[in-house]
Structures are given as C-alpha cells and as structure tokens.
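The values are calculated or read from the model by the stated rules, or taken from the named source; none is laboratory data. Here the structure is a predicted model, which is why all the values come from computation and not from measurement. Don't worry about glycine lacking a Cβ; one is built from the backbone with ideal geometry, like all the others, and counts go over all protein chains shown. All accessible areas refer to the heavy atoms of the entire protein, side chains included, with ligands and DNA or RNA removed. Shrake-Rupley method; radii C 1.70, N 1.55, O 1.52, S 1.80 Å.
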Amino acid sequence: MTDATAPAAAPAPRPGHTAGSLLTLDKRTRARNAAEARFRLYGAIAVGIALVALVWLLISIMSGGLSAFRQTMITMPVYLPAEELDEAGNRNPAEMSRVTTLGYARVLDQALIALMAEQGIAIEGLSEDDASDIISQEAAAQLRNRVLANPDLVGTTVESEVLTNGRIDGYFKGRVTMASAELDSNVTPEQLRLADALRANGVLEKRINWAFLTMPDASDQRPEAAGLGVAILGSLYMMLVVLVLSVPIGVAASIYLEEFAPKNRFTDLIEVNIANLAAVPSIVFGILGLAIFINFAGLPQSAPVVGGLVLTLMTIPTIIIATRAALKAVPPSIRDAALGVGASKMQSVFHHVLPLAMPGILTGTIIGLAQALGETAPLLLIGMVAFVRNYPSAPPEGIFDPASALPVQVYNWTQRGDPAFVERASGAIIVLLVFLILMNAVAIILRRRFERRW
Amino acid sequence: MNDMRLVERDVDATDIKIKARNVQVYYGASHAIKDVDVDILDKTVTAFIGPSGCGKSTFLRCLNRMNDTIDIARIEGQILLDGEDIYDKRVDPVQLRAKVGMVFQKPNPFPKSIYDNVAYGPKIHGLTRSKAELDEVVEKSLRRAALWGEVKDRLDKPGTGLSGGQQQRLCIARAVATSPEVLLMDEPCSALDPIATAQVEELIDELKQNFSVVIVTHSMQQAARVSQRTAFFHLGNLVEYGETGQIFTNPSDPRTESYITGRIG
C-alpha cells in the first residue's frame, strides 16, 4: 500500500490481516494482551484473598488457642497429715477412699497458707478462705488420686504441682484484669494480688500443659482441668473403624464398577447414586445412624463404633469417586498389554492397573479420612456429645465404650459459659488441625513413594 | 515395491494355522468387517494392508479375541485355530491369548523392570519351574527380539526408560516369551524411526521360523519387504488375498491396483 510504484494495483488489506510492521502492536493484539493481563490479575487477586483468609484463620486460632497448652500452676510442698487422710492408720486404700476431695482440699488450703506464712506474703483484706480459693477444685481430686495410688505418701511432705483456678490462669493469659475482677463474683483483686506475689517468688508459673492432651473433659466450673484425652482416643478409634471398613469396601466397589461390571442402565443408576451420596448432608447420615445402628441394631450410644460406622457411610462415596478416577487415569494400553500376553482380567487389574492407580487411591482415601475426622454433625445425633470422663478401654472392646470426638469436643466447649473454654476450644482446633496436616503429609509422602511414570 | 527379492521369494510352508470363514464384526450398528474368509499359514508372515478404517486392525484383534474387551463389538462367523473354533463357548480367551500373542501399535511396556516385563507372561502361565529357567527364558526372548546386547547390563532398570524402538522390541520379547504359536502385530513400526523400523522388520523375518506372524501395516513397502502373503482390506471387505509378490506385481482386483499405485487410500 505504501508502494509508490504500483499505486493502482495495491489491493486493500483483507480484513483480519495485519498490514503494518511487526514492531507495532495492532489494535486486536493490544486488546487480547489486555484481556490476558486482566485475567492474570483476577487470578492473582483470587489467590491473594484465599491466602489472606487462611492466614487470618490461622492467626485467630493460634492467638486464641496456643495458650491452652500452658497452664498456671503453683509448685509447693504439701504435708499429708495421717490423722486426716488415714484415720485407721493402716494405709489401706479402700478405707482411705472414704476421705473425699473436700478433705484433700483442706490439706491443700493449709499447705498454701503455710507457704504464704513462710514466704511472708500478706495481702490486705484477703481472708484465708479467699486465699485458698485460688487453688482449683480439681487439684484436690488429683492429689487424692495420687495418694490413693501410693498410700505410703501419707504422713510425709510431697512437692506438688497444684492447678490454680481458671480465673487466676486467665489473669496471666490476659482474660482477667484487676478491673474485671472488681465486677466478677468468682475472683477478687486481692486474690490476683496474691497470685502476683506468688509469681514474684517463683512458686507460681505457667508450665507446659500435657494434661490438655491426656486428661478427660472437666465440668463447667473447672475449665483449667479440661483436656482432650478422651476425645483424641475416641477420634482415633473412629478412624480405625472407618479405615478398616471404608477402604476395603470402597476400593473393592470401585474396582468392580470400573473394571468388571457390565455397562448398562443399572450400573449407570448406581454410579449416579454414588455421586449423589457424596453430596448428602452429613447430618442426614447422623439420623440414619441413629435409626439403624442405635435404635434398630441396638449398638451403644456415644460409642466410637457407631460414629465409625456413620463416618464410614460418609467416606465410602468419596473413596469410590477418587478410586474410580484413579483407575480411569491408567492408560488403556497397559490393560491391552497385560491381556495381550494372556493375563486374565483380574491379573491385569491387580498386577498392573491397581499399582499404577495406587497414588490416586491413597490420596483419595486419606482425604476422605481427613474429612471424616473433622465431621461433627452426625456425631451429635448419635450421642457423642455426651460428657465422658472415663477413658475407653483398649480396642477392640474399647470401640463399644462411650467416648467423645475432637470436633464434637470443640463444639461442646464453645457452648459453655466460662470464657476459659474459648481458649480450650481453640486449643482443640489446633490439635485437630495438626492431625489433619499430619494425615495430608502422609498422603503426599505415600503419593511420592508410589508414583511411577509410564 | 521395487524390491526384486519379492518375486523370488516363495512360500514353503503350507499348513493352515488360522482359518477364518464368514467373519462379520459389528460395532453397535455399524458393520465393520463383512464376510471375511482368510487362511493364515504357519511359519509365514502375513500382512494386512489397506486404507485407514478398512477394518484390518479390527480383524486382527478378532484373532486373539481382544475385541471381547469392547462391549459393543459383536463377532459372527468362524475362526479356527488348528481346527478349533476360538469363539466356542468353552474357549477361555486367556488361554487363547497365551497361544496367540500380540504386539501393539504404541510400545506399551509395563512400568516395571525390563526383566519383569519379559518374565511376566511365563510367570502367570507357569511356564517355568525355577528362577534359573525363567532367567533362561528372559535371555532367550530378549535375544530373539535383538535386544539382549543392549539391555543385558540393566535388566533391573525400568522398561519405560528405553528408547521407542527398544521399547517396541521389549514388547516383542514380552510377546515371544510365552512361546505363542501365532504373533499378531498391529502396526508395530508406526511409532518408530526408520532405523528402529529396520531392526523390527529384520526381527519379524527371523520370527517367522518359529511362529506364524500376522502384521497390520500402513506401509506397502513394509508389507512387501517382510511378508510372504498379503491381504488387502477395503471398507470392511477382504478384497484380495494371495502371495505378496502376486499382489504387488499383478493384482487381480482393480481396487487393489488403485491402492497399490496410490490412487485410493
């Protein structure tokens, strides 16, 4: 067109055909590039929002929950007077058990008052009764258990770590302040000053709280003693049940459906229903479990076996879908190769297809299990929300004993009045998240190990 | 086609290994193979040629019942292997496939070691009694596939790590390890470069001393080079079947001639 020698012959540029230099972008290219840049920006924004939400979630849980792993305790010598704890004088635990926790609470009170006298701590306006109230009621129960387990301690002085009550603990974690204590009927500023003095003398301090992971739940009045022991065991037992039932059933069902079943209307129907089953709200499975496993089959309430069965029902569709996808992803040439050398259908599946599908199956299974671990709603309906203080015994009998579960324990604690339980619930969420991260890590490791190229 | 050897070559074996009569194959409603009659000779290389979609691969897959794995495929007629109907109800396709081995278009070694690839067939058919015997079979099969020299020091390495041509020869070794009587090859060289193709063709020529080889190929030159007998398929019909030399030099059907001279296909 710019060719001056052939002005008449120069044809008009065809539409959609660039006539200009390659060094300048035409309008169309500019518009396309702009669209691409916009799309990238949207993507980056979406990822950013997701990351911010995640970080926010983690920060709020960590800031609320990490303190649950440390607990305020008083370390002091406790004299165990024989005349009060063992009237008969024969160190027989059966007879000694007649002394209730009230008796041991008195012993602790005396020990604290003796400690204050020894260290010269005197708080104005603080009665002896009020002073001893900074000790948790649970501390007496713990001391009683310790003495009954070892009666020879009676008559001696033992060094004890004594739980303080939840308000004192809260004072050192920022929940309780002098100002709020003025208004609180459960704690007085004088008690807080006593705690400060004990802390200054080094007898009261925050220590790592293993009891949070090992001890059972405690009542509403004793948040300082509440632990996750029963819930962790219950969740573990349920996962065992889920693993033992759902993996063989799910994998076998998907192998059959994918490799052996005839493709007809009936199998199509099954396929659609499995997909639907994966989308059924979990609470519906809970009602089903209540009706079938408890009311009809007569299995015990609150037991991990029932929870495990309900979660198995929920997990099977997830496992089947993941396993079928993994089996489908195995190239058909491998099946042909196996059949071509005269392997039977089953040999071709078990020798060649299944090993190649293994990473996908394992990942799907572990994701299904992780989902089951965090499931709460169906467990509420089958009674796992009960207050359980006794540890279930070892499996297999233990799966029939009442237990709690981690997510239900979180739910349970968030329902309670004392603000100290908010910290406990956040701590329990951290424990749950740690378990989930561990399971996902296992999934990744197994995936790496089994992954093969073809 | 200009290979002078092909006219000199004559067919010495005359035993019929596979006899197909009135074979019809349907994929759902479409009629893929119509009325095919073929006699495949023992210790001979038979080539199936024809344009794409003419049914030559479909027919090949009938010979070891690989079409059974396709739900909508339906086969009628009779295919006799040594006089026995392979579509008889009493025949287990697994046992049949041990006798009629197959090599596929794309090299498809198992994602296992080279050794395990070759040893798999003998293992599942219980052909060997001891590890030493199995080692022997593996070595013999790899030698037959002209691969032994290249892989003997790395038998425990994955078979998928070999080059394309080596992989295809590994698949041939795997197929011959079960000592089949017939070896079906579905375009075995289509994924290979000319050098690897030459190696495989040489191999086919040697294999015919022990097996009856049926090869599907798109390349007429290849058919002319390796086969003694050639069958030309067109639109599901077997148009012409005869000695390779005669098909390529003096076809009796005009369609064969058009295909060979490149006018259709």
In whole angstrom, the spacing between the Cα centers of the stretch B:244-265 and the stretch A:341-412 equals 66 Å
antiparallel share of DSSP beta bridges within the protein assembly as shown, to nearest 5, in %, is 70 percent
Ordered by number, the residues of the stretch B:103-120 that have at least 50 Å² less accessible area in the complete protein assembly than on their own chain alone (1.4 Å probe) are B:Asn108, B:Phe110, B:Pro111, B:Tyr120
The Rg/Rh figure for chain B, Cα atoms and Kirkwood Rh, to two decimals is 0.97
Violations at 24 Å Cα threshold for listed pairs B:Lys19/B:Lys43; B:Lys89/B:Lys123; B:Lys34/B:Lys99; B:Lys19/B:Lys140; A:Lys263/B:Lys99; B:Lys56/B:Lys99 -> B:Lys89/B:Lys123; B:Lys34/B:Lys99; B:Lys19/B:Lys140; A:Lys263/B:Lys99
The answer for B:Met102, listing residues at least 5 apart or on another chain whose modeled amide H is closer than 5 Å to its amide H, is B:Leu184
Within the set B:Pro254, B:Pro188, B:Pro158, GNM on chain B using Cα springs under 10 Å gives the largest fluctuation to B:Pro254
In debye to the nearest 20, the charge dipole size for chain A, taken about the Cα centre with +1 at each Lys and Arg Cβ and -1 at each Asp and Glu Cβ, equals 3420 debye
Long-range alpha-carbon pairs in the protein assembly as shown, meaning those over 41 Å apart, account in percent for 58 percent
Under 5 Å from the placed amide H of B:Ile33, counting only residues 5+ away or on other chains, we find B:Val25
In whole percent, the Cα-Cα distances of the stretch B:97-245 spread across 10 Å bins from 0 upward as 12, 42, 32, 12, 3
Reduced to Cα centres, the span from the stretch B:212-229 to the stretch A:209-283 in Å works out to 58 Å
Under the Karplus relation with 6.51, -1.76 and 1.60 and θ = phi - 60°, whole-Hz ³J(HN,Hα) for the stretch B:222-231, x at Gly and Pro, equal 5, 4, 5, 6, 9, 9, 9, 10, 9, 10
For the stretch A:216-286, the Debye formula with one identical point scatterer on each Cα and no solvent gives log10 I(q)/I(0) at q = 0.25, 0.28 Å⁻¹ as -1.12, -1.17
Here FRET efficiency (C-beta to C-beta, B:Arg263 to B:Glu139, R₀ 51 Å, nearest 0.05) is 0.60
Counting only protein heavy atoms with a 1.4 Å probe and every protein chain in place, the carbon and sulfur fraction of the accessible surface of the stretch A:361-454 in whole percent equals 65 percent
In chain A, helical segments from DSSP H whose Cα atoms cover 15 Å or more along their own axis and that average at least 0.5 on the Kyte-Doolittle scale are A:27-65, A:101-119, A:229-255, A:265-278, A:304-328, A:354-373, A:420-450
With the 1.4 Å probe rolled over protein heavy atoms, the stretch B:2-260 has an accessible area per residue in Å² of 43 Å²
For the stretch B:68-83, Karplus-derived ³J(HN,Hα) couplings (6.51, -1.76, 1.60; θ = phi - 60°; whole Hz; x for glycine and proline) come out as 4, 6, 9, 4, 7, 7, 9, 10, 10, x, 10, 10, 9, 10, 6, x
per DSSP, antiparallel bridges as share of beta bridges in chain B, % nearest 5, sits at 60 percent
So the carbon and sulfur contribution to the accessible area of the stretch B:2-260, 1.4 Å probe, in percent, is 46 percent
Using alpha-carbon coordinates alone, the radius of gyration and Dmax of the stretch A:137-236 in Å work out to 15.7, 45
With N residues in the stretch A:229-450, Rg(alpha-carbon) / (2.2 N^0.38 Å) equals 1.15
Result for the stretch A:289-368: accessible area per residue, probe 1.4 angstrom, in square angstrom, of 32 Å²
Mean separation of Cα contacts under 8 Å (at least 6 apart) over the residue count of the stretch B:135-260, i.e. the relative contact order in percent, is 18 percent
Within the set B:Thr230, B:Thr128, B:Thr244, GNM on chain B using Cα springs under 10 Å gives the largest fluctuation to B:Thr128
Placing one equal point scatterer on each C-alpha of the stretch B:1-141 and summing with Debye, one gets log10 I(q)/I(0) at q = 0.11, 0.14, 0.15 Å⁻¹ equal to -0.56, -0.87, -0.97
The Cα extents of the stretch A:70-209 along the principal axes, largest first and rounded to whole Å, are 50, 29, 26
Those residues in the stretch A:328-375 that give up at least 50 Å² of accessible surface, probe 1.4 Å, once the partner protein chains are present instead of the chain by itself are A:Asp336, A:Ala337, A:Leu339, A:Gly340, A:Val341, A:Gly342, A:His352
Note: A vs B interface, total accessible area buried (1.4 Å probe; ligands, DNA, RNA excluded), nearest 100 Å², is 1700 Å²
Asserting the computed 222 nm helical MRE of the protein assembly as shown (DSSP H runs at least 4 long, -39500 (n - 2.57) per run, divided by residue count, to nearest 500) equals -15500 deg cm²/dmol
Spelling it out for A:Ser160: with amide H atoms placed in the peptide plane at 1.01 Å from N, the residues 5 or more places away or on another chain with amide H under 5 Å from its amide H are A:Met76, A:Val78
